[in-house]
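Structure first, commentary second.
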Amino acid sequence: MENSVQILQQRFQILTSASSDLQISQQTLQDMKDLPNNNPILIPIGGGTFVQGKTGDLSTVVVGIGADISVEMKIEDAIKEINNRLEEVTKAKTSVEEQLSQILQQMEIYQNVANRLSAELQGASQ
């Protein structure tokens with residue numbers, strides 16, 4: 001059971017990270033969709049480092065769809081796609097939380113039974 005708990009905790013962490021990434025993408029697209037062309041922006045390149053840039057045509061964006069494949073979409077469609085993914089990740093997180101809770105409850109019950117049996121055995125041997 002402990003192994004199952006560890007696996008579920010890892011899944012939960014992965015889903016939490018995916019959720020955060022999707023929320024950032026969602027918010028960024030929402031914020032950028034109304035920006036004019038040539039608006040100055042800072043572009044993150046990792047490690048807290050940014051380069052200066054300017055917005056271009058934001059009517060379409062490139063969205064990763066998995067397996068290192070990306071497609072160009074209208075920004076509104078990309079926002080809908082990200083919202084759908086975020087919904088799926090949220091449902092998956094809820095499911096993992098429920099499974100984890102059930103296993104932890106079972107472990108607590110088994111621990112209580114083991115403690116009671118140990119106390120009974122110690123009482124019987126005295």
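In the set 61, 51, only one residue is surrounded by 11 or more Cβ atoms within 10 Å (Cβ to Cβ), without any contact (Cβ under 8 Å) to a residue 40 or more places away in the chain and not hydroxyl-bearing (Ser, Thr, Tyr); that residue is 61. Looking across the range 40-81, the residues that are hydroxyl-bearing (Ser, Thr, Tyr), more than 21 Å from residue 23 (Cβ to Cβ) and assigned to a strand (DSSP E or B) come down to 49, 60.
Looking at the range 82-95, is at least one residue free of Cβ contacts under 8 Å to residues at least 40 places away in the same chain, part of a helix (DSSP H, G or I), among the polar types (S, T, N, Q) and farther than 26 Å from residue 2 by Cα? Among the residues of the range 82-95, at least one is free of Cβ contacts under 8 Å to residues at least 40 places away in the same chain, part of a helix (DSSP H, G or I), among the polar types (S, T, N, Q) and farther than 26 Å from residue 2 by Cα, which makes the answer yes. For the range 4-19, state whether one or more residues are out of contact with any Gly (no Cβ under 7 Å at 6 or more places or on another chain), in a strand (DSSP E or B) and either at pLDDT 90 or above or of a type in the set (A, V, I, L, M) (or both). No, the range 4-19 contains no residue that is out of contact with any Gly (no Cβ under 7 Å at 6 or more places or on another chain), in a strand (DSSP E or B) and either at pLDDT 90 or above or of a type in the set (A, V, I, L, M) (or both).
The values are calculated or read from the model by the stated rules, or taken from the named source; none is laboratory data. Here the structure is a predicted model, which means the values were calculated and not measured. All Cβ positions, even for glycine, are placed from backbone atoms using ideal geometry, and neighbour counts span all protein chains on display.
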